[in-house]
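Some notes on the structure that comes next.
What follows is calculated from the coordinates using simple rules that are stated; it is not laboratory data. What you see is a predicted model, and the numbers here were worked out from it, not measured in a lab. Ideal geometry is used to build each Cβ from the backbone, glycine not excepted, and the neighbour counts take in all protein chains shown.
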Ligand SMILES: [Zn+2]
């Protein structure tokens, strides 16, 4: 484990750039970033620190990045991973307390294959994929001109 100051720099620029992370702009000092040198099945994860840690160190969340996997990524993929991990850090609207939230969608490929888009969360994700494909096509067309 080692502190990852380059991840901190990237995360803070993503927090400034993306409105969805605006609640983190005043909490930048409450997030700590580490590289994990062991090979893992995950690239990144965020962990809410204990109340004692929060009181002693002012750190609310630790972001861990698996260094061996991270080193294989392009710059854009690295930004995508950090943006994803930041999406897990939310705020309780009533108390302002930091909380960790789960992904928008948890599903199996085989269920979507068999049932299609009958569930609202799957439909929303399919719409996001369509938007991403359309943006890719538009970018490709722009690159060709
Ligand atoms: Zn995640």
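What the table shows:
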quantity: Segments 6-12, 124-130 sorted - mean Cβ within 10 Å per residue, highest first; calculated: 6-12, 124-130
quantity: Most mobile of 46, 112, 61 in a GNM of the chain (Cα contacts under 10 Å); calculated: 112
quantity: Span from the segment 1-42 Cα centroid across to the segment 82-112 one, whole angstrom; calculated: 16
quantity: Choice from 80, 110, 66 showing the highest fluctuation, given a GNM over the chain with Cα pairs closer than 10 Å; calculated: 110
quantity: Potential extension, residue 26-residue 41 segment - 0.36 nm per residue separation minus Cα distance; calculated: 2.2 nm
quantity: Residue-span extension gain [residue 92 to residue 77] - 0.36 nm each, minus C-alpha spacing; calculated: 2.5 nm
quantity: Average Cα contact separation per residue, the chain, under 8 Å, 6 or more apart, as relative contact order %; calculated: 19
quantity: Projected area averaged over orientations for the chain, convex hull of C-alpha atoms, nm²; calculated: 11.6
quantity: Calculated [θ] (222 nm, deg cm²/dmol) that DSSP helices of n ≥ 4 give over the chain, each run adding -39,500 (n - 2.57); calculated: -14500 deg cm²/dmol
